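Each remark here refers to the structure printed beneath this line.
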Amino acid sequence: MELKQFLDECRSDDLAHALRELGLPVTGNKPDRIGRLVGQYEGGTPANDILSAFRVDDIRRAAKSIGIEGA
């Protein structure tokens, strides 16, 4: 699974929180926010660092929505 696919399952507010934690602008709609996070990843930020910017419940919710068991 690609990072973008996982981020598509996150709520827009969850994306805004992660952007804020990473010191990035939180403006724009959901695709804009996903694009900013993917851009960070493509620019060399490890996926682990990006995912760590989310709250645990946000990651759990997105994981459940794609069928990851035990999330």
Exercise for review: Among L37, L19, L51, determine the one that fluctuates most according to a GNM of the chain built with springs between C-alpha atoms less than 10 Å apart.
Suggested key: L51
Review point. So how far apart, in nm, are the two label points at N29 and N48 if each is 7 Å from Cα heading toward Cβ?
Key: 3.6
Point to revise | Cα lying deepest toward the dipole's positive end in segment 9-53, options N29, N48, L19, charges on Cβ | key: N29
Practice item. May I ask you to derive the relative contact order of the chain, considering only C-alpha pairs under 8 Å and at least 6 residues apart, and to give it as an integer percent? Key: 39
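Only Lys, Arg, Asp and Glu count, each charged at its Cβ (+1, +1, -1, -1), so figure out the dipole size of segment 1-46 about its Cα centre, rounded to 20 debye.
Working: 6 positive and 8 negative charges, 27 e Å.
Using only the charged Cβ atoms, the result is roughly 140 debye.
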Practice item. Determine the calculated [θ] at 222 nm for the chain from helices alone, applying -39500 (n - 2.57) to every DSSP H run no shorter than 4 residues and normalising by the residue count; nearest 500 deg cm²/dmol. Key: -18000 deg cm²/dmol
Study note, to complete from the structure: extent check for the chain: Cα max minus min per principal axis, descending, whole Å, gives 32, 23, 18
Review point. Extension gain L22-R60, at 0.36 nm per residue separation less the Cα-Cα distance, in nm?
Key: 11.7 nm
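Throughout, read-outs are computed from the coordinates displayed, never taken from laboratory work. None of these values were measured; they are calculated from a predicted model. Note: ideal-geometry Cβ built from the backbone for every residue, glycine included; neighbour counts use all protein chains shown.
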